[in-house]
1. Go over the candidates 12, 46 one by one and state the one that is surrounded by 19 or more Cβ atoms within 10 Å (Cβ to Cβ), polar (S, T, N, Q), in contact (Cβ under 8 Å) with a residue 40 or more places away in the chain and assigned to a helix (DSSP H, G or I).
2. If you go through segment 75-90, how many residues are more than 11 Å from residue 50 (Cβ to Cβ) and assigned to a helix (DSSP H, G or I)?
Amino acid sequence: MPEYDDTIETMTEAAADYLFVERQPLPALPYFLASKFPTCAPLELTLCLATLADLVETELATTTRTDFAISLWRIASLIAVDVLVMETMGVPSLTAADLRTYWTDHDQYFLPEDAPSGPA
């Protein structure tokens, strides 16, 4: 599965740049990733965040970074819950774009301040 691995690696690098180079807020990361990779499966966002959390824990082991990794794990879990809720509600849940639409229309937790909210 080289293509799949390349996608997760690319997403993880984009996430790390967003957080550590651009210094953007962690809660907006899922929306950023869903916007940058709209055709990926929603749970690929979860895998990306889990991968980044593991890297932070193993490569940057400090108390602050461990707390940050815990936050990444928490957000990864919340995305998985959102996918389950989407499936239960019967709303499209095949792509990250679907996830972004769900957040816009139903659950604004991951929306950045400048994102549109509410049903279109």
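None of the figures in this text is laboratory data; all of them are computed from the coordinates on show. All of these numbers come straight from a predicted model, not from anything done at the bench. In this analysis, Cβ positions are derived from the backbone assuming ideal geometry, glycine residues included, and neighbour counts consider all displayed protein chains.
1. Values: 46 fails: in contact (Cβ under 8 Å) with a residue 40 or more places away in the chain.
After ruling out the rest, the residue left standing is 12.
2. So in segment 75-90, the residues more than 11 Å from residue 50 (Cβ to Cβ) come out as 78, 81-90.
This time we only want the ones that are assigned to a helix (DSSP H, G or I), so: 78, 81-89.
Matching residues across segment 75-90 total 10.
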